[in-house]
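Report on the structure given below.
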Amino acid sequence: SRRRHSCPCAVHGGAACAATILSSTYPPNADSRLISPATLLPTPPDGQLWLSFWHWFSVNWGDSAWVEIQAGGSGTWTPISESFIADSGAWTRLLIDVSAYAGQSVQLAFHLKDDGEYADQGWGWYIDDIEFIEGAPANWLIEDFEGGIGRWYATAGTWEVGPSSGPGGVYGGTQ
């Protein structure tokens, strides 16, 4: 038997976050990416560049979520994170080394995939406060979703931006 997880019901910062579905579980057979606009990454003096974001996830067994990067519109997505499975239990910050992409134009994707085995799904993946950090962590915020989805877009239509109606609300702000 698969257990049902609770949703975060709050955003991490501000009033908005991005999520596979803000007020419900993700759909069966979901295979969806939240894709960023092309971003020219800086070239830090010390060569160290990090992708930082806050996330909360609840995916059922067999399903997974991970971060991908595409350099220069190549059409090839490369995984740059571990697969997130089960339940994070709380908003957590993740740092991913993207130094190899410094100075390049890239797109990020937050990819959630259902294995199609069960009828019930988890609450999904909630993303907030995305930033690139040069060298030591700083406060270079790229997206907090307070102004809506902006130039980000979703494949397969399973992401929403807005206030979270879940039990925990948003972490900061209103979305």
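Look at (1) under 15 Å from Glu131 (Cα atoms); (2) modelled with pLDDT under 90 and you find that Asn60 fails only one, number (1). Checking Ser32, Ser52, Ser23 one by one, the residue that is in contact (Cβ under 8 Å) with a residue 12 or more places away in the chain, closer than 17 Å to Thr158 by Cβ, in a strand (DSSP E or B) and hydroxyl-bearing (Ser, Thr, Tyr) is Ser32 and no other.
Starting from residues that are part of a strand (DSSP E or B) and open to solvent by 10 Å² or more (accessible area, probe 1.4 Å), keep the ones in region 69-82 and report whichever is farthest from Gln121 (Cα to Cα). Among those that are part of a strand (DSSP E or B) and open to solvent by 10 Å² or more (accessible area, probe 1.4 Å), it is Ala71.
The residue of region 83-121 that is least open to solvent (accessible area, probe 1.4 Å), among those that are more than 29 Å from Gly47 (Cα to Cα) and within 15 Å of the chain's Cα centre (by Cα), is Leu112.
The values are calculated or read from the model by the stated rules, or taken from the named source; none is laboratory data. Fair warning: this is a prediction, and the values are worked out from it, not measured in the lab. Quick reminder, even Gly has a Cβ in these numbers, built from the backbone with ideal geometry, and neighbours come from all protein chains shown. Ligands, DNA and RNA are excluded from the accessible area calculation, which covers all protein heavy atoms including side chains. Shrake-Rupley method; radii C 1.70, N 1.55, O 1.52, S 1.80 Å.
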